[in-house]
Amino acid sequence: MRPPNIIVMLMDNLGYGDLGCYGSRLHRTPNVDRLAREGMRFTSFYSTSGVCTPSRASLMTGCYPRRVDMHCSGRGRCVLMPVEPKGLNPREITVARLLKDRGYATACVGKWHLGDQPPFLPTRHGFDEFFGIPYSEDMVPDSSSPSRRDWPPLPLMRQERVVEGAPDRDYLTRRYTEESLRFIRANRERPFFLYLAQAMPGSCAFAFASPAFRGKSANSVYGDAVEELDWSAGEVLRTLGELGLDRDTLVIWTSDNGAVRHDPPQGSNAPLRGWGYDTSEGGQRVPCLMRWPGVIPSGRETDEVATMMDILPTAARLAGGAPPADRTLDGRDLYALMTGAPGARSPYDAEGFFYYYREQLQAVRAGEWKLYLPLERKLNNLAGDFSRAAPCPAALYDLRSDIGETRECSAEHPEVVRRLMALAESARRELGDCDRPGSGQRPAGWVEHPTPRLLE
């Protein structure tokens, strides 16, 4: 029996409450809702960061972003910027490289955002094919902004070549979908790994959608973009069915972080508190659906904690291999949880799940409990400026009975506070905190003289 195909569909800044199967009454998402009916819905799935670059690093490496030095850019920002000297270290073993070594065909379609210089591109990290953009779709030149004035046009790339400068962003979802379907059809006779990293609903205040969807939703262009993403998922499912690959394919559908704050609001993280780009539940808890007919029971739900880091070790098991043994990983094999094994529990109940904002550890979760750590200076701005950081007290919430973090209860559970504080200290020793290095950190990759992408 051949190992399963694996498709990971990752949205950009899509909120917990933006899908019908997570409670949305604004967006029509029948295809994603089908994934929930025919598979498992995770209700405590975490991206490991409220920002895109770090969470994508977790997906690729099975590690917390701080472990692999991808928690912030080389220029003091929370994400990598265009023409950046920093990127994901080529020595890291990504899920793509691991699966390629097991005989899989591998493709990255869409937004990469783990380094735009040649040593950091997807084709240097185990992907046979790359078609997409190397960073966020909103990172375009702007003559009115000193920091953006000299940026190159947004590059659409195939492999390591720029094939189009400044592509029409309204058509990105459609073009990525068409490319993904081509890859699936071309590799129907062998195991494949498709990483479909959509650029929508998007990183900026204005989402994009093709004319077929623009103006069709009940929620501005943001809703149009969400409904086009749902169409894209439906096209992938339809193609798998046509090719007879349904029962041979694990499909994972999730988001890189929660919906971000806009005025007026567009995305929704309801019923969670907060927005993307922070350590609230709304920032890091994201929708996640997994479907594999015949293996994952249909119509199931789990509230056990699972994370973006778990995709790599789970994929390793499914491919008949094992995670790399020469380095520490933070993710865990999800097979028992996603197949509904009796008594399956999250390993994070005992080990703790750690919420970092850039380089600062701000909270920890174990089981139902989440503790916001007492901090003399809590970093809460994208530029990493501690001069404007404000202090905050400890705050404890029971997330199983209070998903919206409305009732602070640290005074009632001092023993829980002590236990979670001890877990936080273990994270500081291993992963570091602010200027305190961790014993288990690994360096990012760097180039001495970054150069812009040029159209070829």
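Read-outs: derived from the displayed coordinates by stated rules, not from any lab. All figures in this text were calculated on a predicted structure; none of them were measured in a lab. Counting neighbours? That spans all protein chains shown, and the Cβs are built from the backbone with ideal geometry, glycine included.
The table that follows gives values for the structure above.
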| read-out | value |
| --- | --- |
| Net lengthening on full extension, ARG388/ASP101 (0.36 nm per residue, minus Cα-Cα) | 98.6 nm |
| Under-5 Å amide H pairs with ALA259, H placed in peptide plane, nonlocal only | GLY15, TYR16, GLY276 |
| Extension gain (nm, one decimal) between GLU448 and THR406, 0.36 nm per residue minus Cα-Cα | 10.3 nm |
| Those residues of the range 107-135 whose amide nitrogen sits under 14 Å from the label point placed on ARG190, 7 Å along Cα→Cβ | 107, 127-129 |
| At most 13 other Cβ within 10 Å, DSSP loop - trypsin sites (Lys or Arg not before Pro), the range 379-456 | ARG400, ARG407 |
| Net charge over other residues, Cβ less than 10 angstrom from the Cβ of LEU272 (K, R count +1; D, E count -1) | 0 |
| The range 1-72: C-alpha gyration tensor shape, a/c 1.5 cut-off, then a/b vs b/c | oblate |
| Cβ-based exposure ranking for CYS52, CYS21, in which fewest neighbours within 10 Å come first | CYS21, CYS52 |
| CD proxy at 222 nm, helix term only [per DSSP H run n ≥ 4: -39500 (n - 2.57); per residue of the chain; nearest 500] | -6500 deg cm²/dmol |
| Potential lengthening between VAL140 and GLU425 on full extension [0.36 nm per residue; Cα-Cα distance subtracted] | 98.6 nm |
| Radius 10 Å from Cβ of SER73, net charge of other residues (Lys, Arg +1; Asp, Glu -1) | +3 |
| Packing-based exposure ordering (other Cβ within 10 Å, fewest first) of SER145, SER180, SER49 | SER145, SER180, SER49 |
| Label-point separation in nm, ARG247 to HIS413, each point 7 Å along Cα→Cβ | 4.4 |
| DSSP bridge orientation in the chain - percent antiparallel, rounded to nearest 5 | 50 |
| Nearest-20 debye value, the range 351-431 charge dipole, Cβ charges on Lys, Arg, Asp, Glu | 200 |
| Packing-based exposure ordering (other Cβ within 10 Å, fewest first) of ASP116, ASP101, ASP138 | ASP101, ASP138, ASP116 |
| J(HN,Hα) series, the range 63-76, from Karplus relation 6.51 cos²θ - 1.76 cosθ + 1.60, nearest Hz, glycine and proline x | 10, 4, x, 5, 4, 9, 6, 10, 7, 7, 7, x, 10, x |
| Environment charge at TRP231 (Cβ cut-off 11 Å; Lys +1, Arg +1, Asp -1, Glu -1) | -1 |
| Two-site FRET efficiency, ARG436 against THR328, from Cβ-Cβ distance with R₀ of 25 Å, rounded to 0.05 | 0.90 |
| GluC sites (Glu not before Pro) restricted to the range 178-239 and DSSP loop, no more than 12 other C-beta within 10 Å | GLU189 |
| Cα-based equivalent ellipsoid of the chain: semi-axis lengths in Å, sorted from largest, via gyration tensor | 30, 26, 23 |
| Zone of SER298's modelled label, taken as backbone nitrogen in the range 1-38 under 17 Å from a point 7 Å along Cα→Cβ | 30-38 |
| Cross-link partners of LYS111 among lysines (Cα-Cα below 18 Å; sequence separation of 8 or more within a chain) | LYS86 |
| Cross-link reach list, aspartates and glutamates versus LYS378, counting only Cα pairs under 19 Å and skipping chain neighbours closer than eight places | ASP278, GLU281, GLU359, GLU405, GLU408, GLU425, ASP433, ASP435 |
